[in-house]
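Each remark here refers to the structure printed beneath this line.
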Amino acid sequence: MAAIVVYSRQGCHLCEVLIEELSPMVRGRMKLEIRDIDSDPGWHERFWQDIPVVEYGGEVICRHFLDRDAITGILRR
């Protein structure tokens, strides 16, 4: 099953909101993987100014806020 990846961190309100909105959209259709940027120095360096970041297939889909249209397009593929 394909996966959508969300880079986030503990205590990030925008991250919590995005994950709360994204989860029901992908449930049962695609795996949702949450990665805490504080658990990996590479993720932290790459994303610390931009979280939350949503990736699919290694491509950044959206930053800061959920792009529902982009996610819907991915789910239609």
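Cysteines of the chain lacking any other cysteine Cβ under 4.7 Å from their own Cβ: Cys62. Once the Cβ-Cβ distance between Glu45 and Leu14 is put in as r, and R0 is 25 Å, what FRET efficiency do you end up with, to the nearest 0.05? Result of the calculation: an efficiency of 0.85. Computed on the chain, with alpha-carbon pairs under 8 angstrom and 6+ residues apart, the relative contact order is 37 percent. Here the chain carries DSSP beta bridges of which approximately 55% are antiparallel, counting only pairs with both residues inside. What is the angle, in °, between the Cα long axis of helix 13-26 and the longest principal axis of the Cα atoms in the chain? Nearest 10 is fine, range 0 to 90. Helix 13-26 sits at roughly 20 degrees to that axis.
Taken together, the values in this text are just the output of simple stated rules run on the coordinates, not laboratory data. Because the structure is a prediction, the values reported are computed rather than measured. Neighbour counts run over all protein chains shown; Cβ positions are idealised from the backbone, glycine included.
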